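Written below as structure tokens is the structure these notes are about.
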Amino acid sequence: MPCNNLGKAKGLTRVEEVLPKMSLIPEQHKKHIKEELAQKLQNPVKIVMFTQEIECQFCAQTRQLVEELASLNDKIEVEVYDFLVDSNKAREYGVDKVPAVIIRGKKDYGIRFYGIPYGYEFQSLLEALISISRGGTSLLDDTREKLKKITTPVNIKVFVTLTCPYCPLVANMAYKFALESDMIKAEIIDIGEFPHIGHKYGVMGVPKTVINEKIEVVGAVSEDIFLENILLAVHSTLT
């Protein structure tokens, strides 16, 4: 189920309206998050962030957010790069816009979030950190077996807004698929931060998923339907 038409959707609420004035993680939530991370994180996990001092509206807030999160558990490490100064590193990670957040463990799983992972998407960030730290997902065994057979690169773009309650369901699905398959890359793109990209892909409601630039899915769908569209995109690429 998608959120409302974006012409009048709550999803167009600007980040200024949902961001606190000081600490980005409210003090009343920090204890709960700290306890959850202590219970669920197993192995070290790294957040790689690309920022830019000029012409980047929410880079400073994104950096503050990931650093606040890392302060809650010593298994979380943060690396911060300047998109312009560290252009070689940006090319290495395939980052072409900022703010960009990359979540990785022992290796880079191709998981990217473009924009500030706040609002409803903060939970997506937590879920990705936990899954990568644990080295596995809650996907069905049948899904994992089918993902192992994919030999063609798959790019998943999930367009979200920070105030869409359905978006994290799809974002988490994309993260899990990327974690389970080396052939799958997942990009979560906040169209509030990148409206021109949303316009390019004709995003009228979120979540909207675009797979290999060919297959489009609007709304939250079940795991089997998400997998079906992944396999359809693979088939379309091969034919």
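The values are calculated or read from the model by the stated rules, or taken from the named source; none is laboratory data. All values reported here derive from a predicted model rather than from experimental measurement. Cβ sites come from the backbone with ideal geometry, for glycine too, and all protein chains shown count toward neighbours.
Points to keep in mind about this one:
- Selection count, segment 1-28, where residues are exposed (fewer than 12 other Cβ atoms within 10 Å of the Cβ) and either at pLDDT 85 or above or not in a loop (DSSP other than H, G, I, E, B) (or both): 5
- Helices (runs of 4 or more DSSP H) wholly inside segment 136-239 containing at least 1 residues that are among the hydrophobic types (A, V, I, L, M, F, W, C) and within 18 Å of the chain's Cα centre (by Cα): 167-180, 195-200, 223-238
- Test: residue in segment 95-104 that is under 20 Å from Ser23 (Cβ atoms) and either at pLDDT below 95 or not charged (D, E, K, R) (or both): yes
- Number of residues in segment 118-135 that are within 21 Å of Asp190 (Cα to Cα) and part of a helix (DSSP H, G or I): the value is 9.
- Cross-chain or 6+ apart pairs with Cβ under 6 Å, segment 74-85 first and under 21 Å from Val45 (Cα atoms) and at pLDDT 95 or above, then surrounded by 14 or more Cβ atoms within 10 Å (Cβ to Cβ) and among the acidic types (Asp, Glu): Val78/Glu67
- So Glu92, is it surrounded by fewer than 17 Cβ atoms within 10 Å (Cβ to Cβ), in contact with a strand residue (DSSP E or B) (Cβ under 6 Å, 6 or more places away or on another chain) and modelled with pLDDT of 95 or more: no
- Meets criteria (touching a Lys or Arg at 6+ places or on another chain (Cβ under 9 Å) and within 16 Å of Val221 (Cβ to Cβ)) for Leu169: no
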